[in-house]
Amino acid sequence: MATEGSGVRSLDDVRRDVAGVLNRFRRGRTKAFSIGDGGVPEAVLLTYDEFEDLGGETKFARRAGVVTAVTVGAELTAMVAAIREGAFAPVVWGLGDQPEAVIMSTSQYRALRGDDEPPAGTIDDPTRRVYATEPLPDSRPMTIDEIAEMMGPYSQQVLAEIREEADRARLEDDSP
């Protein structure tokens, strides 16, 4: 349950449902989300796959090993206290020695994604950041042929094969 109006889940809510969080990550029903007290994001929970895909293992010295969901439930309050003190290494957790999820500070999550830090005093939830998506002034539409050309000869060959197959299918559909 999120703290009213903030969208940030409380530590107690997460601590009571650590196994549920892990199950939602497994089923792909939950993306990275922030937790904290008083509606202020202090930590981020994310899948190990996201952590690994963004180079987390090379960017951070993390707590050794993989801790269990039971350990996370028991130590979550202490972990967030360490985050508040600025002395926290990301924690990987899951079943047995299989990494499935990660707990890290909001600042570490920003660094993982390559985001900028917000101005001092700004409460920022990095899991809810919105990015400008409008085209740059020098942007222009590209054709599929231009994209294939940029990607190289193999992509051009695959595109040609797709077009040939589509033409054959069209001819078969048009025949009486």
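The values are calculated or read from the model by the stated rules, or taken from the named source; none is laboratory data. Small disclaimer: the values here were computed from a predicted structure and weren't measured. Here the Cβ positions follow ideal geometry from the backbone for every residue, glycine too, while neighbour counts run over all protein chains shown. For the accessible areas, the whole protein counts, side chains as well, though only heavy atoms, and no ligand, DNA or RNA atoms are used. Shrake-Rupley method; radii C 1.70, N 1.55, O 1.52, S 1.80 Å.
Data for the structure
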{"item": "Protein accessible area in the chain, 1.4 Å probe - carbon and sulfur %", "result": "54 percent"}
{"item": "The chain, accessible area per residue, ligands and nucleic acids excluded (1.4 Å, Å²)", "result": "63 Å²"}
{"item": "Cα point-scatterer Debye curve for region 106-164, base-10 log of I(q)/I(0) at q = 0.29 Å⁻¹", "result": "-1.15"}
{"item": "Mean separation of Cα contacts under 8 Å, 6 or more apart, over the residue count of region 1-111: relative contact order %", "result": "28 percent"}
{"item": "Local net charge near Arg110, Cβ-Cβ under 15 Å (Lys/Arg +1, Asp/Glu -1)", "result": "-3"}
{"item": "MRE, 222 nm, helices only [DSSP H, n ≥ 4, -39500 (n - 2.57), over the chain, to nearest 500]", "result": "-13500 deg cm²/dmol"}
{"item": "Taking the C-alpha atoms of the chain, convex hull volume expressed per residue in Å³", "result": "226 Å³"}
{"item": "Peptide ranges 52-64, 127-139 listed from the most packed, as the mean C-beta count within 10 angstrom indicates", "result": "52-64, 127-139"}
{"item": "Distant alpha-carbon pairs in region 94-135 (separation over 15 angstrom), percent", "result": "54 percent"}
{"item": "nm² value of the averaged projected area, convex hull over the Cα atoms of region 31-77", "result": "4.1 nm²"}
